[in-house]
Amino acid sequence: MVAQAWSRALCARLCPGAPRRLHGWSSAAFSSRSPSSSTSDGFLKEKRAQIMSRGLPKQKPIEGVKQVLVFASGKGGVGKSTTAVNIALALAAHDSTKAVGLLDADVYGPSIPKMMNLKGNPELSPKNLMRPLKNYGIACMSMGFLVEETAPVVWRGLMVMSAIEKLLRQVDWGQLDYLVIDMPPGTGDVQLSVSQNVPVTGAVIVSTPQDIALLDARKGAEMFRKVHVPVLGLVQNMSVFQCPKCKHETHIFGADGVRDLAKTLGLDVLGDIPLHVNIRETCDAGQPIVISQPQSDTAKTYLRIATEIVRRLPTPPA
């Protein structure tokens, strides 16, 4: 009974007013088709009308959070989540007095739970706010904590935006110096919802040097400029592969593509991260390389990028 009451309350936090059959966190609620009954359509139409009547949302700071950093890519599969996780850990390592949080904004494909070795459901505070799960000193929140690991979330855009709003506003983040948001690929609903509702301190664009990835990385950077979010710089991920036996270097995805894009956009390159098996293995194991191999050259690269990010941030509010 307690578990059922908890799940109903948590679902109500995410989707107030949603059809009752979404409550309870059953696998069918997330793995089956999105709501298509007349009741569901009526709910979505009413929600859309409410949003349209308000006009553009007013930005409101997240309670307790001093600065918000978003990590975006435009293209999926370029290592953005891996970069966001390691940079969040590097920000904490850069200055141990700073409190860092990590929000997984990829509702459809959350990666943070596995990379940060976290499982379980968030507890609710006396104020009915979700408490982030913590590991390695980082407070984390993800849709992956709220659904079964193998259950797909099949939601329409309005449901996703509502979920993002709750993950931002109805979480007891405590006092954070930095909240790192791992954005999903693309330039759609989630990116606009976060950018228009929250005062974002800066965006970091992650891309490989490959031409196909750079096309979308440019779109991502231009989108943030259009919504008046400062772009702090670009990270060139998977920049070079070094053979572990002969040490020969190969630019599998091309050389310096991100640097050329940065020049075109008038932005800085914050750093180059190599294509290294240890980065993949440590994240898959839930022990990111910044934590598990802090003295490695790769971990030091993430630390240098974190330093470059901090150097470009404005003075936070007192």
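The values are calculated or read from the model by the stated rules, or taken from the named source; none is laboratory data. Quick caveat: nothing in here was measured; it's all calculated off a predicted structure. Neighbour counts run over all protein chains shown; Cβ positions are idealised from the backbone, glycine included. The accessibility values were calculated without ligands, DNA or RNA, using every heavy atom of the protein model including side chains. Shrake-Rupley method; radii C 1.70, N 1.55, O 1.52, S 1.80 Å.
Some points to look at:
- Some residue of the range 173-194 being crowded, with 23+ Cβ neighbours inside 10 Å, at pLDDT below 95 and more than 29 Å from Arg280 (Cβ to Cβ): no
Condition check ((1) of a type in the set (Phe, Trp, Tyr); (2) closer than 24 Å to Met161 by Cα; (3) modelled with pLDDT of 95 or more; (4) surrounded by fewer than 24 Cβ atoms within 10 Å (Cβ to Cβ)) across all residues:
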{"position": "Lys114", "(1), (2), (3), (4)": "no, yes, yes, yes"}
{"position": "Asn128", "(1), (2), (3), (4)": "no, yes, no, yes"}
{"position": "Arg131", "(1), (2), (3), (4)": "no, yes, yes, yes"}
{"position": "Lys134", "(1), (2), (3), (4)": "no, no, yes, yes"}
{"position": "Phe145", "(1), (2), (3), (4)": "yes, yes, no, yes"}
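- Being open to solvent by 30 Å² or more (accessible area, probe 1.4 Å) and aliphatic (A, V, I, L, M) is a description that does not apply to Leu168.
- Among (1) small (Gly, Ala, Ser); (2) touching a Phe, Trp or Tyr at 6+ places or on another chain (Cβ under 6 Å); (3) buried (at least 24 other Cβ atoms within 10 Å of the Cβ), the one test that Ala151 misses: (3)
- Hits in the range 224-242 - residues which are in contact with a Ser or Thr (Cβ under 8 Å, 6 or more places away or on another chain), open to solvent by less than 20 Å² (accessible area, probe 1.4 Å) and in contact (Cβ under 8 Å) with a residue 40 or more places away in the chain: Phe224, Val229, Val235, Asn237
- Residues that are outside any loop (DSSP other than H, G, I, E, B) and either open to solvent by 20 Å² or more (accessible area, probe 1.4 Å) or more than 21 Å from Gly79 (Cα to Cα) (or both) within the range 195-205 comprise Ser195, Gln196, Asn197, listed in sequence order.
- Check on Pro110, in a loop (DSSP other than H, G, I, E, B) and open to solvent by less than 10 Å² (accessible area, probe 1.4 Å): no
- Taken together, Thr208, Thr264 contain a single residue that is open to solvent by 70 Å² or more (accessible area, probe 1.4 Å), of a type in the set (Ser, Thr, Tyr) and modelled with pLDDT of 90 or more, which is Thr264.
- Number of positions in the range 274-298 that are of a type in the set (A, V, I, L, M), out of contact with any strand residue (DSSP E or B) (no Cβ under 6 Å at 6 or more places or on another chain) and under 18 Å from Ile252 (Cβ atoms): 2
- Residue within the range 135-144 that is in contact with a Gly (Cβ under 6 Å, 6 or more places away or on another chain), in a strand (DSSP E or B) and more than 21 Å from Pro230 (Cβ to Cβ) present: yes
- Selection from the range 299-318 of residues that are surrounded by fewer than 17 Cβ atoms within 10 Å (Cβ to Cβ) and of a type in the set (Ser, Thr, Tyr): Thr307, Thr315
- Any hit, the range 112-125, residues being touching a residue at least 60 places away in the same chain (Cβ under 8 Å), closer than 21 Å to Val198 by Cβ and under 16 Å from the mean Cα position of the chain (by Cα): yes
- Residues of the range 88-99 satisfying the condition of being within 21 Å of Leu167 (Cα to Cα) and crowded, with 24+ Cβ neighbours inside 10 Å: Ala88, Leu89
- Scanning the range 273-291 for residues that are surrounded by 17 or more Cβ atoms within 10 Å (Cβ to Cβ) and over 20 Å from the mean Cα position of the chain (by Cα) gives Pro274, Leu275, His276.
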